[in-house]
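The values are calculated or read from the model by the stated rules, or taken from the named source; none is laboratory data. From a predicted model like this one, the values you see are computed outputs, not experimental measurements. For neighbour counting, all protein chains shown are included, and Cβ atoms are generated from backbone atoms with ideal geometry for every residue, glycine included. Side chains are part of the model used for accessible areas, which takes the heavy atoms of the whole protein and leaves out ligands, DNA and RNA. Shrake-Rupley method; radii C 1.70, N 1.55, O 1.52, S 1.80 Å.
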Amino acid sequence: MGFVGVKDFLTITLATEHPQVIPISVFIAILCLCLVIGHLLEENRWVNESITAILVGAVSGTVILLISKGKSSHILVFDEELFFIYLLPPIIFNAGFQVKKKKFFHNFLTIMSFGVIGVFISTVIISFGTWWIFPKLGFKGLSARDYLAIGTIFSSTDTVCTLQILHQDETPLLYSLVFGEGVVNDATSVVLFNAVQKIHFESLNGWTALTIFGNFLYLFFTSTILGIAVGLVTSFVLKTLYFGRHVFAMMSFIAETFIFLYVGTDALDFTKWKTSSLSFGGTLGVSSVITGLVLLGRAAFVFPLSVLTNFMNRHTERSESITFKHQVIIWWAGLMRGAVSIALAFKQFTYSGVTLDPLNAAMVTNTIIVVLFSTLVFGFLTKPLVNYLLPHDESHDNNVDKGKAAAAPGSPKEDATLPLLSFDESASTNFNRAKDSISLLMEQPVYTIHRYWRKFDDTYMRPIFGGPGREHQPQC
């Protein structure tokens, strides 16, 4: 048997007995191409990995579409359960793993208000906005669950593009808020989406809102407890396996690249576009409405919560104020939609990436349009906006001045003495220490809790689970 015969035999065998081998191999090759291009463009602040994967996916989809003579642009069929079981965990885990704890806990209440309360506000605005406007555009037939799902789908942000442009050393507060909100936002959106799926809409009553909130709290706290347990076990393992932390970073990068690569190929899936119940003008109108509601929903909580945060921290010497320019950047950073939005949309409106329902096909195509538009257009405009609002020298000088102010005399005294009680000292000394600790807790709750947690962390957590000592930690 000659070489050509062997090649034909292997091709026929793979195609008949292992039909997924060739598509998987091609997709892995394209994924590796994205990784290489992403590495080459690592220092480029204009194009991030998301944009690269989408463009490569679009080119790959075009080639596949031409080879298949217009039948399909897909290499693989997307299974949304695959995302939630295998792709989402490393994305969320790596995001939490990369959090700078000092700034995160210093701004904990602000980050949580943006990441949790903000998602609820955005979900309400997008859900009711689409429920009110879609029928006026002739787009009818969606259920109450669909509208609430749409609200959660488009409340999930993708802040990667902005984080690539911000300088953590020069704008530590802004970077911490954007990064921290991105981590909490993804988790909150997924939990809220799952809570919506548990609602029995056939028996709606006054308790429905409380039911949603109760389901959310149950899922949120059980997920948090499970996440803490898994995080501690993983930290204990990584304490001896230093390379393990790089493996999670690579898994997260591959998972996000996989999603955006699929988005690029799926944008050319003519089956969904033909199945959609909307015309070209209707699709343009619906996607424009969604984009407008995303802008409005984000503004509805970023600016009011920033003002509230500044008001609450007006007497706290260690807290920096969130300037209006910072607020605009925080608002802009959350306008991009990414992998989580795509996965939630596919879970709500498709079955294994396929839908024959015109309404569901319309929502999938509009989700793809919004993700592509926000990632490409908003992503490309991010650098000019940040450079205009925060010139390099100005932002650096401002943060140097704030750093000096934070270290000025009058800041709460840092000591290594454990709070409250000590058996080696008198009762009056213990009483005075407890009184001082309670007074400090009342005046500066976030800072005080963080300071005592850091002592506990240095004394007990780091020796067991690993991590750099305080003398090796960056000041930002």
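So here's what we get for this one:
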read-out	value
By average C-beta atoms within 10 angstrom, highest first, the peptides 285-298, 207-220	285-298, 207-220
Listed peptides 228-240, 143-155 by packing density, highest first (mean Cβ within 10 Å)	143-155, 228-240
Potential extension, VAL63-ALA144 segment - 0.36 nm per residue separation minus Cα distance	25.2 nm
Order of exposure, largest accessible area first, which applies to MET251, MET112 with probe 1.4 Å	MET251, MET112
Heavy-atom accessible area ranking, 1.4 Å probe, most first, across ILE24, ILE64	ILE24, ILE64
Accessible-area order (highest first, 1.4 angstrom probe) of the listed residues LYS102, LYS69	LYS69, LYS102
Greater than 21 Å apart at Cα, pairs in LYS100/LYS347; LYS272/LYS347; LYS102/LYS325; LYS103/LYS239; LYS102/LYS455; LYS100/LYS325	LYS100/LYS347; LYS102/LYS325; LYS103/LYS239; LYS100/LYS325
Whole-percent carbon and sulfur share, accessible surface of segment 319-387, 1.4 Å	72
Peptides 324-332, 367-375, 276-284, 176-184 ordered by average Cβ neighbours within 10 Å, highest first	176-184, 367-375, 324-332, 276-284
ALA300 versus PHE108: modelled label distance in nm, points set 7 Å from Cα along the beta carbon direction	2.9
Rounded accessible area of ASP169 (nearest 10 Å², 1.4 Å probe)	120
